[in-house]
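Report on the structure given below.
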Amino acid sequence: MPAPQRVALVTGAARGIGAAIVARLRRDGWAVVGADRDAARDAEPGPRHVVADVADEAAVTALVENIRAREGRLDALVSNAGFMIRKPLRDLSLAEWSSVLATNLTASFLLVRAAEDLLRTARGSVVTVASTRAHQSEPDTESYAASKGGLLALTHAMAVSLGPEIRVNCVSPGWIDTQGDELRPEDHAQHPAGRVGTPEDVAALVAWLVGPEAGFVTGAEFPTDGGMTRKMIYAA
């Protein structure tokens, strides 16, 4: 009798890194439920897409209960939803600060809390998508940096609390070209890897982390940045 199809939930799935993760997991044979505040851009049949705001507790509860009722299992949760407000600190409102932390950080707590029993039953895996901005910053990104630093800490805390049944790891992308921008040679050359990253680079790592070959990996962070966070940069 064939093994039942593994089920993954990917948030922030309508575009960019999230859409690439959905596509990669589908190619690897997963049944994938994508969730996003926006409708999916790709009309290709296959992945199930749910419009949901994962910063909202009731929406998260409904999303997980919907998976429980329809798919009946959950083997992987990829918490990818996130956004940035770039604004000087003096102009950043409390509502704006709170909205970034709610989507980028609190959503992961809500999702894992709601899905814990399903993930335990499946001996499943959680991957959070943080950022190299958990370690380094550009000006006017306080709410984003704080949310991603908190997500990194939440990841290792959950790995310790939820193991051994559930593994929890973090991927921290650097410069990933999610828009198909026209990049300059120097944009690529500054990276030790020789190029700017693609959403598929992140998706490949996520696919490994939720798979059986990563069974001894938990509580870890994986910067996916072409080596930039290890490069010393001096002004000319």
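Sort through Arg120, Arg195 and tell me the only one that's open to solvent by 60 Å² or more (accessible area, probe 1.4 Å) and under 24 Å from Gly215 (Cα atoms).
Just one listed residue meets the conditions, Arg120.
Could you tell me whether segment 51-74 includes any residue that is of a type in the set (Lys, Arg), open to solvent by 40 Å² or more (accessible area, probe 1.4 Å), part of a loop (DSSP other than H, G, I, E, B) and within 20 Å of Val202 (Cβ to Cβ)?
no
Against the conditions (1) more than 18 Å from Val10 (Cα to Cα); (2) open to solvent by less than 20 Å² (accessible area, probe 1.4 Å); (3) touching a Ser or Thr at 6+ places or on another chain (Cβ under 8 Å), where does Leu209 fall short? Just the number, please.
Single failed check for Leu209: (1).
Please give the helices (runs of 4 or more DSSP H) falling wholly within segment 97-197 in which 3 or more residues are at pLDDT below 95.
Fully inside segment 97-197 and qualifying: 185-189.
Determine whether segment 204-216 contains at least one residue that is assigned to a loop (DSSP other than H, G, I, E, B) and of a type in the set (Val, Ile, Thr).
The answer is yes, given that some residue of segment 204-216 is assigned to a loop (DSSP other than H, G, I, E, B) and of a type in the set (Val, Ile, Thr).
Per-residue answers, yes or no, for (1) within 20 Å of Ile21 (Cβ to Cβ); (2) touching a residue at least 40 places away in the same chain (Cβ under 8 Å); (3) touching a His at 6+ places or on another chain (Cβ under 9 Å):
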residue	(1), (2), (3)
Ala69	no, no, no
Leu77	yes, yes, no
Ile85	no, yes, no
Glu96	no, yes, no
Val100	no, yes, no
Leu119	yes, yes, no
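Which pairs have Cβ atoms under 6 Å, sit 6 or more apart or on different chains, and link a residue in segment 221-236 that is at positive phi to one that is aliphatic (A, V, I, L, M) and assigned to a loop (DSSP other than H, G, I, E, B)?
Pairs found: Gly226/Ala193; Gly227/Ala193.
Scan segment 217-226 for residues that are closer than 19 Å to Ile17 by Cβ and in a loop (DSSP other than H, G, I, E, B) and jot them down.
Ala220, Asp225, Gly226, listed by residue number.
Collect the residues in segment 1-41 that are of a type in the set (Lys, Arg), closer than 20 Å to Ala122 by Cα and outside any loop (DSSP other than H, G, I, E, B), keeping them in residue-number order.
Arg26
Provide a single number: the residues in segment 31-50 that are modelled with pLDDT of 95 or more and more than 17 Å from the chain's Cα centre (by Cα).
1
Scanning for something open to solvent by 40 Å² or more (accessible area, probe 1.4 Å), more than 14 Å from the chain's Cα centre (by Cα), at pLDDT below 90 and among the small types (Gly, Ala, Ser), does segment 213-223 turn up at least one residue?
Taking every residue of segment 213-223 in turn, none turns out to be open to solvent by 40 Å² or more (accessible area, probe 1.4 Å), more than 14 Å from the chain's Cα centre (by Cα), at pLDDT below 90 and among the small types (Gly, Ala, Ser).
The values are calculated or read from the model by the stated rules, or taken from the named source; none is laboratory data. Just so it is clear, the model here is predicted, and its values are computed rather than measured. Cβ sites come from the backbone with ideal geometry, for glycine too, and all protein chains shown count toward neighbours. Keep in mind that these areas ignore ligands, DNA and RNA; they rest on the heavy atoms of the full protein, side chains included. Shrake-Rupley method; radii C 1.70, N 1.55, O 1.52, S 1.80 Å.
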